[in-house]
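The values are calculated or read from the model by the stated rules, or taken from the named source; none is laboratory data. All of these numbers come straight from a predicted model, not from anything done at the bench. Positions of Cβ are backbone-derived with ideal geometry, glycine not excepted, and every protein chain shown enters the neighbour counts.
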Amino acid sequence: MKLYNNGVYVLNGKDIFEDPQAASAACGKSVSQSEATTGTIAYGILKSHNTSSDMEALEIKFDKLISHDITYVGIIQTARASGLEKFPIPYVLTNCHNSLCAVGGTINEDDHLFGLSCAKRYGGIYVPPHQAVIHQFAREMLATGGGMILGSDSHTRYGALGTMAVGEGGPELVKQLLSRTYDIKRPEVVGIYLTGAPRKGVGPQDVALAIIGEVFEKGYVKNKVMEFFGPGLASLSVDFRIGVDVMTTETTCLSSIWETDSAVKDFYDMHGRTSDFKELHPADVAYYDGLIEIDLSEIEPMIAMPFHPSNTYTIRELKANLDDILADVEKRAAVSLGSDVNYSLRDKVRDGKLYVEQGIIAGCAGGGYENITDAADILRGSSIGADEFTLSIYPASTPIYMQLMKNGCAADLLATGAILKTAFCGPCFGAGDTPNNGGLSIRHSTRNFPNREGSKLQNGQIASVALMDARSIAATAANGGFLTGADELDVTFNKPAYYFDKSIYEKRVFDSHGEADPSVELKFGPNIKDWPAMSPLPTNLILKVVSEIHDPVTTTDELIPSGETSSYRSNPLALAEFALSRKDPEYVGRAKEIQKAQKAVEADSCPGDVVPEVHDVMKNIKADFPDVSRANIGIGSTIFAVKPGDGSAREQAASCQKVLGGWANVANEYATKRYRSNLINWGMLPFLFDGDKLPFGLGDFIFIPDIRTAVSDKRDVITAYKVGEKNEAFELRLGDLTDNERQIILDGCLINYYRENN
């Protein structure tokens with residue numbers, strides 16, 4: 001794999017030039033970077049969806065929206081509070097996260113009935129539980145060549161089908177529901193040039209992990225669009241391309257798009273949507289801001305060790321250096337887990353081989369038809385054994401499950417001792433198949449962050465996940481749970497044909513065909529709550545640092561846990577009680593304590609009477625800023641994290657902080673655009689600190705004078721003060737903000753912004 005240090009020119013989709021003069025000589029005409037930039041597939045799609053006259057400052061309107069059942073309630077509640085009357089574009093409400101309805105009493109199914117009533121009232125599409133995971137339904141029924149889809153799940157990726165899809169926090173979908181735009185600087189585009197063909201036994205997860213391992217720490221594609229093309233494309237089935245594409249999220253890229261060909265046309269034909277296919281290719285001359293050359297024939301079966309998809313090794317390398325690599329994982333884990341639990345992997349070694357307790361093939365990444373049929377070919381006639389090892393397989397949609405039953409693959413898998421389950425995302429985010437304490441699970445799913453498999457660090461539990469391809473998981477299962485790469489077995493892959501039958505969707509999916517029915521009453525369960533009132537940004541701001549995190553990266557799972565919190569995603573106050581519970585269990589109490597001071601300010605009473613330490617803080621501030629009073633201050637909390645927001649698009653990572661009185665985050669950088677956007681949309685200041693040594697610490701107070709004026713005047717550098725007997729000045733930055741984003745922060749949140757501007 002080769003990463004180019006600079007931008008490149010690609011001629012005719014195959015010839016690569018770093019020097020523009022060499023590119024000009026090769027094509028017989030002068031080549032300019034500005035003109036060649038328009039030659040990417042991504043540029044053409046963005047241009048066709050941009051409503052502004054400026055291709056550098058995009059205002060995008062998407063064709064369709066999609067959400068699942070731990071995001072759509074909050075989105076619709078926000079949109080309702082902002083004036084929603086009708087879904088202006090197709091909006092699909094899928095149910096694949098809270099679909100078990102096994103935790104929290106009636107509240108999960110209450111959310112589903114709310115979703116169905118919203119689809120009827122506002123003119124949407126409702127996919128019942130167990131029918132399909134969100135992204136498989138989108139592939140089968142929504143994607144269009146040259147189209148754009150916005151989803152409230154980070155793995156919203158349909159580039160292999162010619163659709164540029166973006167996963168964002170819920171407020172960005174709210175903007176689309178209110179006929180507003182997705183405002184963003186034109187993203188850079190990185191070409192992914194494919195050559196060769198995969199080896200036997202190598203699957204899409206292997207290719208994806210190889211890419212993630214190479215680019216994540218470098219930030220090579222961060223917030224950029226990955227564009228796949230090249231002669232190697234022809235060697236990949238569409239299912240294979242989809243499996244690579246969905247994992248591009250783990251590189252922290254913004255979106256993805258692929259060159260399309262006759263194989264993609266066959267996919268659309270098979271799904272009865274021939275007219276939705278569009279042939280897409282780079283122009284004769286295209287400029288890419290970076291390029292990754294990948295020889296598919298060089299990629300081996302891979303494994304991403306705990307606790308990140310970028311912690312990658314070849315399975316061959318892991319087996320050859322088992323003790324050293326396991327020791328390194330344990331050492332890395334200690335940084336994140338601390339001393340709360342005794343984490344070990346080296347005790348999994350039996351007779352020099354790594355033993356795992358569980359295998360999972362599931363969700364938007366693993367549950368595809370070809371992954372499962374290849375696994376069936378590997379496992380056919382064998383047994384997973386009667387020891388600790390278990391294997392669960394979740395087809396990504398009912399049509400896939402039906403075909404597996406018709407062609408006998410389902411029976412072949414069940415005969416080995418494997419279990420087949422309905423379409424469900426639970427194993428990916430900790431709501432299904434949680435391993436035993438101390439257990440190691442190998443999964444063809446999307447993420448392996450700490451505790452994401454469902455264990456609870458705060459209860460002294462820890463289990464972990466290694467990501468692998470379905471084929472190597474099946475090979476490991478055939479070997480009774482001892483780690484085995486698919487290339488170690490001699491298997492004939494039969495590649496049975498797939499026949500898509502959408503009849504079950506026609507029978508079970510509610511489709512309004514865009515017709516709203518205002519007479520339908522929304523069905524509210526007792527757990528579905530409105531957002532609490534939120535104040536606009538004050539003139540001056542006092543922040544107490546209530547959490548300080550120095551991990552290299554902080555995931556959204558650590559900011560607001562997945563799994564056990566899913567049932568409370570419709571209840572902002574109840575959900576907020578879980579904020580940072582895995583990372584900093586004292587955070588909620590600290591935040592709520594200082595929030596009392598803000599509530600006193602709002603009630604025009606003395607904040608120092610309810611939070612005594614505020615008396616001294618105000619005294620020290622007034623020594624240098626005598627005009628400051630409770631009439632012109634806001635008091636709240638902030639957290640510091642080195643690099644927060646890797647992973648999920650869930651807006652609650654920000655909204656829970658806001659509900660608890662958070663006014664800001666301070667970070668050295670933000671891991672993803674979507675987390676920073678979530679902060680902004682919930683009225684929180686996304687501060688950046690550039691220094692090596694923090695000028696404040698846990699429990700300190702920060703004073704920011706005239707912050708409202710600074711935001712309004714578009715200042716980037718903000719002077720802040722660590723409050724003390726001598727107030728110590730330091731600098732923060734806000735980074736790039738659009739005019740609308742600044743106004744959202746000034747108004748206090750997106751809901752307030754729309755109330756003010758509608």
Problem - In the stretch 395-415, residue farthest from S503 (Cα to Cα) [restricted to those that are in contact (Cβ under 8 Å) with a residue 60 or more places away in the chain and either crowded, with 22+ Cβ neighbours inside 10 Å or among the β-branched types (V, I, T) (or both)] - result: C409
Fill in the blank from the handout: The residue from K319, K331 that alone is part of a helix (DSSP H, G or I), surrounded by fewer than 24 Cβ atoms within 10 Å (Cβ to Cβ), basic (K, R) and at pLDDT 95 or above is K319
Problem - Sole exception among (1) outside any loop (DSSP other than H, G, I, E, B); (2) polar (S, T, N, Q); (3) surrounded by 22 or more Cβ atoms within 10 Å (Cβ to Cβ) for T260, by number - result: (1)
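Based on this model, can you work out whether P171 counts as out of contact with any Cys (no Cβ under 7 Å at 6 or more places or on another chain), surrounded by 24 or more Cβ atoms within 10 Å (Cβ to Cβ) and under 21 Å from A470 (Cα atoms)? Lay out the reasoning, then the answer.
Values: out of contact with any Cys (no Cβ under 7 Å at 6 or more places or on another chain): yes; surrounded by 24 or more Cβ atoms within 10 Å (Cβ to Cβ): yes; under 21 Å from A470 (Cα atoms): no.
So P171 fails the test.
Here is a list: G124, G74. Which entry is over 30 Å from S34 (Cα atoms), buried (at least 24 other Cβ atoms within 10 Å of the Cβ) and touching a Lys or Arg at 6+ places or on another chain (Cβ under 8 Å)? Please lay out each step first, then the result.
On the way: G124 fails: touching a Lys or Arg at 6+ places or on another chain (Cβ under 8 Å).
Of G124, G74, the one residue that is over 30 Å from S34 (Cα atoms), buried (at least 24 other Cβ atoms within 10 Å of the Cβ) and touching a Lys or Arg at 6+ places or on another chain (Cβ under 8 Å) is G74.
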Practice task
Tell me, please, whether a residue that is in contact (Cβ under 8 Å) with a residue 60 or more places away in the chain, under 25 Å from A671 (Cα atoms) and more than 17 Å from the chain's Cα centre (by Cα) can be found in the stretch 222-241.
Solution key: yes
Completion exercise
For the stretch 188-221, the count of residues that are over 22 Å from the mean Cα position of the chain (by Cα) and assigned to a strand (DSSP E or B) equals 3
Exercise for the section: Kindly indicate whether R471 is among the basic types (K, R), surrounded by 16 or more Cβ atoms within 10 Å (Cβ to Cβ) and modelled with pLDDT of 95 or more. Expected result: yes
Completion exercise
By residue number, the members of the stretch 709-752 that are touching a residue at least 24 places away in the same chain (Cβ under 8 Å) and closer than 23 Å to G74 by Cα are N740, E741, R742, I744, I745, L746, D747, G748, C749, L750, I751, N752
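Just give me the residues in the stretch 67-97 being aliphatic (A, V, I, L, M) and over 21 Å from P518 (Cα atoms), in sequence order.
Residues of the stretch 67-97 aliphatic (A, V, I, L, M): 70, 73, 75-76, 79, 81, 84, 89, 92-93.
Answer for the stretch 67-97, where residues must be aliphatic (A, V, I, L, M) and over 21 Å from P518 (Cα atoms): just I70.
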Completion exercise
Log entry, pairs with first residue in the stretch 267-278 being touching a residue at least 12 places away in the same chain (Cβ under 8 Å), second being of a type in the set (K, R) and assigned to a helix (DSSP H, G or I), beta carbons closer than 6 Å, six or more apart or on different chains, reads F277/K265
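Being within 17 Å of G645 (Cβ to Cβ) and assigned to a loop (DSSP other than H, G, I, E, B) is the filter here; which residues of the stretch 579-589 pass it? Quick ask: steps written out before the conclusion?
Initial filter on the stretch 579-589 (within 17 Å of G645 (Cβ to Cβ)): 579-580, 582-584, 587.
Passing the criteria: A579, L580, R582, K583, D584.
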Practice task
Given the conditions (1) assigned to a strand (DSSP E or B); (2) of a type in the set (A, V, I, L, M); (3) touching a Cys at 6+ places or on another chain (Cβ under 9 Å), report the number of the one that I76 does not fulfil.
Solution key: (1)
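If I filter the stretch 79-116 down to residues being in contact with a strand residue (DSSP E or B) (Cβ under 9 Å, 6 or more places away or on another chain) and part of a helix (DSSP H, G or I), which single residue comes out as surrounded by the most Cβ atoms within 10 Å (Cβ to Cβ)?
Here is the first cut: in the stretch 79-116, the residues in contact with a strand residue (DSSP E or B) (Cβ under 9 Å, 6 or more places away or on another chain) are 87, 89-96, 112, 115-116.
So of that shortlist, the ones also part of a helix (DSSP H, G or I) come out as 112, 115-116.
Numbers: H112: 22, G115: 26, L116: 19.
Looking at the filtered set, the residue picked out is G115.
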Problem - Of the criteria (1) without any contact (Cβ under 8 Å) to a residue 60 or more places away in the chain; (2) part of a helix (DSSP H, G or I); (3) surrounded by fewer than 21 Cβ atoms within 10 Å (Cβ to Cβ); (4) out of contact with any Phe, Trp or Tyr (no Cβ under 9 Å at 6 or more places or on another chain), which one A574 fails - result: (4)
Exercise for the section: Kindly indicate whether any position in the stretch 722-730 is small (G, A, S), exposed (fewer than 13 other Cβ atoms within 10 Å of the Cβ) and part of a strand (DSSP E or B). Expected result: yes
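Please find, within the stretch 352-374, the residue that is surrounded by the most Cβ atoms within 10 Å (Cβ to Cβ) out of those that are in a helix (DSSP H, G or I) and among the aliphatic types (A, V, I, L, M). Full working, then the answer.
First, the residues of the stretch 352-374 that are in a helix (DSSP H, G or I): 363-366, 369-374.
If we keep only those that are among the aliphatic types (A, V, I, L, M) as well, we get 365, 372.
On the way: A365: 33, I372: 28.
The selected residue is A365.
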Completion exercise
Selection from the stretch 634-653 of residues among the aliphatic types (A, V, I, L, M), surrounded by 23 or more Cβ atoms within 10 Å (Cβ to Cβ) and modelled with pLDDT of 95 or more yields I635, I639, A641
